[in-house]
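*Asks:* Encoded as structure tokens, here's the structure I'll be asking about.
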Amino acid sequence: KRAIQWVALANPDDEVDAGGDGAEPSEGLTLFDSRHDVEVTLIDGATLTGAILHSSPADKPRVIDYLNRPGRFVRLWTPRAQYLINKRHVARVREVG
């Protein structure tokens with residue numbers, strides 16, 4: 001499990017983009033309180049760009065608060081897939097947009 005860098009789950013054809021192209025989010029995506037458009041740089045230099053969607057307490061709305069939560073993976077929504085990214089392989093997360 002530690003060696004896995006990321007896993008991609010393809011979005012169904014009828015799923016609406018959560019990657020910031022201006023499309024309205026699907027009903028499922030509206031369940032989250034916060035959206036952060038980010039670029040994730042992995043330790044091997046690869047980058048993934050998309051949105052981190054999450055719900056958190058009002059006193060912890062920042063991306064860093066989400067990244068510091070317990071758990072091995074962070075979820076990144078892109079136009080084509082949802083990525084589960086192993087936190088051990090993340091070098092940098094930068095908000096974009």
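*Asks:* How many residues does the stretch 32-66 contain that are hydrophobic (A, V, I, L, M, F, W, C), outside any loop (DSSP other than H, G, I, E, B) and open to solvent by 20 Å² or more (accessible area, probe 1.4 Å)? Show your work before the answer.
*Replies:* Our first condition is that a residue be hydrophobic (A, V, I, L, M, F, W, C); within the stretch 32-66, this holds for 32, 38, 40, 42-43, 46, 48, 51-53, 58, 63-64.
Applying the additional criterion that residues be outside any loop (DSSP other than H, G, I, E, B) yields 38, 40, 42, 48, 51-53, 63-64.
So of that shortlist, the ones also open to solvent by 20 Å² or more (accessible area, probe 1.4 Å) come out as 48, 64.
Residues flagged as hydrophobic (A, V, I, L, M, F, W, C), outside any loop (DSSP other than H, G, I, E, B) and open to solvent by 20 Å² or more (accessible area, probe 1.4 Å) within the stretch 32-66 amount to 2.
*Asks:* Let me ask something additional. For residues that are more than 16 Å from Ile43 (Cβ to Cβ), β-branched (Val, Ile, Thr) and assigned to a strand (DSSP E or B), tally how many sit in the stretch 72-97.
*Replies:* Looking only at that region, the number is 0.
*Asks:* What number of residues in the stretch 67-87 are loosely packed, with under 14 Cβ neighbours inside 10 Å and either in contact (Cβ under 8 Å) with a residue 40 or more places away in the chain or of a type in the set (Asp, Glu) (or both)? So that I can check it myself, show each step before the final result.
*Replies:* So the first thing to find is which residues in the stretch 67-87 are loosely packed, with under 14 Cβ neighbours inside 10 Å, and the list is 68-72, 80, 87.
Checking which are either in contact (Cβ under 8 Å) with a residue 40 or more places away in the chain or of a type in the set (Asp, Glu) (or both) leaves us with 72, 80.
Matching residues across the stretch 67-87 total 2.
The values are calculated or read from the model by the stated rules, or taken from the named source; none is laboratory data. Given the structure is predicted, the values throughout are model-derived calculations rather than measurements. In this analysis, Cβ positions are derived from the backbone assuming ideal geometry, glycine residues included, and neighbour counts consider all displayed protein chains. Please note that ligands, DNA and RNA were not included when accessible areas were found on the heavy atoms of the full protein model with its side chains. Shrake-Rupley method; radii C 1.70, N 1.55, O 1.52, S 1.80 Å.
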